[in-house]
Amino acid sequence: MSPQVNLLSAIDGRISLTESVSDWKEAVSLSGQLLLRDECVKAEYIECVEAEYIEKMIKTCQELGPYIAIAPGIAIPHARPEDGAKKVCFSVLIVKKGVNFGSHNDPVYVLLAFSTPDKTSHISFIQSLAELLLNKGEELVKRIREVSSSEEAKEIFEKLLKNI
């Protein structure tokens with residue numbers, strides 16, 4: 001079994017709130033841009049990486065459908081490790097008014113975007129995230145929707161993650 005990923009350290013301050021977005025593509029793009037703050041995606045020029053990794057996140061959803069809306073109110077936008085991921089990173093975008101992905105789990109209020117550099121860390125990250133969502137997913141969405149700052153959101157994640 002893969003070692004478990006520390007979700008809280010993977011977030012590392014990459015939490016943002018927005019009132020609304022025009023569509024799911026904008027939401028995925030915003031969540032992906034949070035990953036760039038720590039150069040979590042690789043390429044020679046950071047501008048190229050932004051387009052490459054974030055566009056791959058959007059393209060994956062277009063090709064495979066709204067599978068990333070994995071639970072009521074929650075989506076996990078990501079791309080494949082070989083699409084430009086450099087290390088394990090995790091971002092949280094909160095869309096206060098929600099956004100529709102065309103899924104039975106709409107509207108989505110919490111986007112948990114991530115990057116993983118290889119298949120092993122990808123599986124480990126998914127396992128850690130699944131544990132969080134299985135045990136605390138409903139509570140997470142309810143509490144996150146009430147926050148008014150990224151600091152409040154971070155406190156909620158800290159409380160929920162230490163009790164898993």
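Numbers below:
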| quantity | calculated |
| --- | --- |
| Selection count where residues are of a type in the set (A, V, I, L, M, F, W, C) and outside any helix (DSSP H, G or I), scope the range 118-146 | 0 |
| In the range 114-138, residue surrounded by the fewest Cβ atoms within 10 Å (Cβ to Cβ) [restricted to those that are within 16 Å of Pro72 (Cα to Cα) and not acidic (Asp, Glu)] | Leu134 |
| Checklist (1) more than 13 Å from the chain's Cα centre (by Cα); (2) farther than 26 Å from Glu151 by Cβ; (3) of a type outside the set (Val, Ile, Thr) applied to Glu131, failing item | (2) |
| Filter result for Tyr109 (crowded, with 18+ Cβ neighbours inside 10 Å and not in a loop (DSSP other than H, G, I, E, B)) | yes |
| Enumeration of residues in the range 84-106 that are at pLDDT below 90 and either farther than 23 Å from Ser149 by Cα or polar (S, T, N, Q) (or both) | Gly84, Ala85, Lys86, Lys87, Val88, Ser91 |
| Which listed residue, of Ser31, Ser16, is modelled with pLDDT of 85 or more, farther than 20 Å from His122 by Cα, surrounded by 14 or more Cβ atoms within 10 Å (Cβ to Cβ) and under 17 Å from the mean Cα position of the chain (by Cα) | Ser16 |
| The range 98-113, subset among the aliphatic types (A, V, I, L, M) and out of contact with any Gly (no Cβ under 8 Å at 6 or more places or on another chain), residue farthest from Leu7 (Cα to Cα) | Val99 |
| Search result, residues across the range 62-82 that are under 21 Å from Glu138 (Cα atoms) and part of a helix (DSSP H, G or I) | Pro66, Tyr67, Ile68 |
| Residue count, the range 41-54 (criterion: modelled with pLDDT of 90 or more and surrounded by fewer than 19 Cβ atoms within 10 Å (Cβ to Cβ)) | 0 |
| Which listed residue, of Val88, Val141, is in contact (Cβ under 8 Å) with a residue 12 or more places away in the chain, crowded, with 17+ Cβ neighbours inside 10 Å and within 18 Å of Pro72 (Cα to Cα) | Val141 |
| All positions within the range 83-99 that are in a strand (DSSP E or B) and within 15 Å of the chain's Cα centre (by Cα) | Ala85, Cys89, Phe90, Ser91, Val92, Leu93, Ile94, Val95, Gly98, Val99 |
| Positions within the range 65-84 being over 17 Å from Asp23 (Cα atoms) and among the hydrophobic types (A, V, I, L, M, F, W, C), in sequence order | Ile70, Ala71, Ala79 |
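The values are calculated or read from the model by the stated rules, or taken from the named source; none is laboratory data. Quantities reported herein were computed from a predicted structural model and do not represent experimental measurements. For neighbour counting, all protein chains shown are included, and Cβ atoms are generated from backbone atoms with ideal geometry for every residue, glycine included.
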